[in-house]
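Only one structure is covered here, and it is reproduced in the block below.
The values are calculated or read from the model by the stated rules, or taken from the named source; none is laboratory data. Keep in mind it's a predicted model, so treat the numbers as computed, not measured. All Cβ positions, glycine included, derive from the backbone under ideal geometry; neighbour counts span all protein chains shown. The accessibility values were calculated without ligands, DNA or RNA, using every heavy atom of the protein model including side chains. Shrake-Rupley method; radii C 1.70, N 1.55, O 1.52, S 1.80 Å.
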Amino acid sequence: MCMENKKIFKEFLQSKGIKQRWLADELGVSEITISNWANGTHYPQVKYIEHMQKMFRRDSEIHFLGKKGK
């Protein structure tokens, strides 16, 4: 995940009051996985991006996940 996307992802979680543990439980992944996405260590698989887009369909900020950084 590019630097800008990881920043947006972290800010999105914080602005919505979403805890990494809750998101991990909702997606069926570990909290470490969410942390890796937030830190830019790994990029979420398409199935998780799509799931998050459905979960937060009213929030256009999550759509950045559909585009890989340069």
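Ordering Ser30, Ser15 by accessible area with a probe of 1.4 Å, largest first, what comes out? Intermediate results must be reported in sequence, preceding the final value.
Working: Ser30 55, Ser15 85 Å².
The residues order as Ser15, Ser30, largest area first.
Using a ≥ b ≥ c from the Cα gyration tensor of segment 1-50 (square roots of the eigenvalues), is it rounded, prolate or oblate, where a/c under 1.5 gives rounded and otherwise the larger of a/b and b/c decides, a/b for prolate?
Numbers: a/c = 1.60, a/b = 1.12, b/c = 1.43.
Cα axes put segment 1-50 in the oblate bin.
Using 0.36 nm per residue of separation minus the Cα-Cα distance, give me the extension gain between Glu4 and Val46 in nm, one decimal. Display every interim value, and only then the final one.
Working: separation 42, 0.36 × 42 = 15.12 nm, distance 1.86 nm.
Additional length available on full extension: 13.3 nm.
With a sphere of radius 15 Å drawn around the Cβ of Glu31, what net charge do the other residues whose Cβ falls strictly inside it have (Lys, Arg +1; Asp, Glu -1)?
Details: positive: Lys10, Lys19, Arg21; negative: Asp25, Glu26.
Local charge sum for Glu31: +1.
How big is the accessible area of Ile32 in square angstrom, nearest 10, if you roll a 1.4 angstrom probe over the protein chains?
Spelled out: Ile32, probe radius 1.4 Å, area about 120 Å².
Can you give the local net charge around Gly40? Use residues other than it whose beta-carbon is closer than 11 angstrom to its beta-carbon, Lys and Arg +1, Asp and Glu -1. List each step's numbers first, then the result.
Details: positive: Lys6, Lys7, Lys10; negative: Glu4.
Summing Lys/Arg as +1 and Asp/Glu as -1 gives +2.
Can you put Lys16, Lys6, Lys47, Lys54 in order of accessible area, largest first, using a 1.4 Å probe? All intermediate terms of the calculation are to be shown ahead of the outcome.
Values: Lys16 90, Lys6 50, Lys47 120, Lys54 145 Å².
These residues rank, largest area first, as Lys54, Lys47, Lys16, Lys6.
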